[in-house]
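The values are calculated or read from the model by the stated rules, or taken from the named source; none is laboratory data. For clarity, every value in this text was computed on a predicted model and none was experimentally measured. Cβ: placed from backbone, ideal geometry, glycine included. Neighbour counts: every protein chain shown.
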Amino acid sequence: MVGVVAVVGAVRLVAPASAGPDGEPPGVRRQLTFLRAALDDGAGERAQGLFPEGYFFSHALYGLAWVELGLRAPAGEREQAVAQARWALGRLESPAGRAPFSETLTPEYGVFYQGWTNWLRGGVLSLQPAQDRDAGELARFVDSAVGLGAAFDAAGSPYLEAYPGQAWPVDSTVAVASLRLHDRLLAPRFEGTIARWLEGVRQRLDPATGLLPHRVDPVTGAPDEVARGTSQSIINRFLPEIDPVFAGEQYRIFRDRFVVSPLWLGPAVLEYRSGTQGSADVDSGPLPLGVSLSATVVTLGAAQVHGDAPLAGALANYGDFAGLPVDTPWTRRYALGLLPIGDAFLAWSKTARPWITEVADPPPSSVSWAWRLPLLTILLLIALLPWLPALIRHRRNAGSWKSTVPSS
């Protein structure tokens, strides 16, 4: 039995676990089946007890993963993806979806709520031919984009508030990506807003890394906290949709400073840049050896969007090995299904692909196939260890038999 477990682990380390921008990642559809059942059973409400956006992210990422699958399907075979993404969008637009956010902010309910909701709304519209789009859904998409654009134009900072008196650059990055999506789906409208936003961002980078900071002053946008892995992984997922060249520069810095192989056991993402330390919080979760598990999962998606197939494949394999997936003919769940929001982040990351702009110049590879060798060696030793007593007994018995044979 131990040998079988070791073989299964070895297979998960070497079998393709991601499919790039065109193919469907293995197991994701079954993972979404598990997620839908979990959400119907209150997984979103339980996630809300873990962190302030638990309910929102549980549904938003479920809907976005369905959009990603739908974009891979022929135009006539997207009904299920549209229906499931719309169901998730309805949950975000409900009182429960808006509950953590303040109606008094500009834009209404804050940039986090408006940015993520409108990105999903634009994803639903992207799955449909222009003549088939729902008029009300389209109007809400345009109204939200106009509200975001006006808020960015009027602000003295490129980073709008997500909560009263609090601003995180990652939230505004998602919102600006939704403006770029508006301009791709409809008539161009926000080029000036996006250009001013990018200029403001370049003027307010974290001086220690040259990356977008984790948290900023809500009035001036000046960095209040250094760049961190949890926000960088999402920023690098969305920034290529806004400016591929700037995004490529940011991604290379992020990968060099944050992607490591602790104890030589596979790629992972630090919460604080290599050589520094910081405290864990609700964003990062626990930090074993400084590694953020959530940032590691989301970086898989960022790597795919940037065309960094070697790193994406390595992170996907490592996740399938360490994430303890449980498969049935109908479902797949990670971590024994104990934390469905983790499945939501992983499904969204495994299905990542650019929606607006393809990356023309993928970064050079930073990871080789050899990262698997230490883990495969450990698995081989684990497989052989239970046989060791039997081998010792065999050698002893063989020695005893030889000692009883008379010499000629």
Quiz item: Restricting to the stretch 154-213, what's the tally of residues that are polar (S, T, N, Q) and not in a loop (DSSP other than H, G, I, E, B)?
Solution: 5
Quiz item: Name the residues in the stretch 229-274 that are on the phi > 0 side of the Ramachandran plot and of a type in the set (Gly, Ala, Ser), would you?
Solution: Gly266
Exercise. For Phe57, state whether it is aromatic (Phe, Trp, Tyr), surrounded by 15 or more Cβ atoms within 10 Å (Cβ to Cβ), in contact with a Ser or Thr (Cβ under 6 Å, 6 or more places away or on another chain) and assigned to a helix (DSSP H, G or I).
Key: no
Quiz item: Here are Val7, Val67, Val111, Val11: which of them is in a helix (DSSP H, G or I), in contact with a Leu (Cβ under 9 Å, 6 or more places away or on another chain) and within 20 Å of Leu324 (Cα to Cα)?
Solution: Val7
Practice problem: Among the candidates Pro207, Pro164, single out the residue that is free of Cβ contacts under 8 Å to residues at least 60 places away in the same chain and surrounded by fewer than 13 Cβ atoms within 10 Å (Cβ to Cβ). | Solution: Pro207
Quiz item: Could you say whether any residue in the stretch 275-298 is within 19 Å of Arg12 (Cβ to Cβ) and of a type in the set (Asp, Glu)?
Solution: no
Self-check item: the stretch 264-292: number of residues that are closer than 19 Å to Leu375 by Cα and touching a residue at least 40 places away in the same chain (Cβ under 8 Å)
Solution: 6
Quiz item: Looking at the stretch 70-99, which of its residues are among the hydrophobic types (A, V, I, L, M, F, W, C), part of a helix (DSSP H, G or I) and more than 15 Å from Ala38 (Cα to Cα)?
Solution: Leu71, Ala75, Ala81, Val82, Ala83, Ala85, Leu89, Leu92, Ala96
Practice problem: Determine whether the stretch 104-126 contains at least one residue that is out of contact with any Gly (no Cβ under 7 Å at 6 or more places or on another chain), farther than 26 Å from Glu249 by Cα, buried (at least 17 other Cβ atoms within 10 Å of the Cβ) and free of Cβ contacts under 8 Å to residues at least 12 places away in the same chain. | Solution: yes
Practice problem: Starting from the stretch 57-75, take each residue that is farther than 13 Å from Arg29 by Cα and among the β-branched types (Val, Ile, Thr) and list its partners that are crowded, with 24+ Cβ neighbours inside 10 Å and modelled with pLDDT of 95 or more, counting only C-beta distances under 6 angstrom and pairs at least six apart or across chains. | Solution: none
Quiz item: Just for the stretch 247-271: of the residues that are farther than 20 Å from Leu376 by Cβ and outside any helix (DSSP H, G or I), which one is nearest to the chain's Cα centre (by Cα)?
Solution: Val269
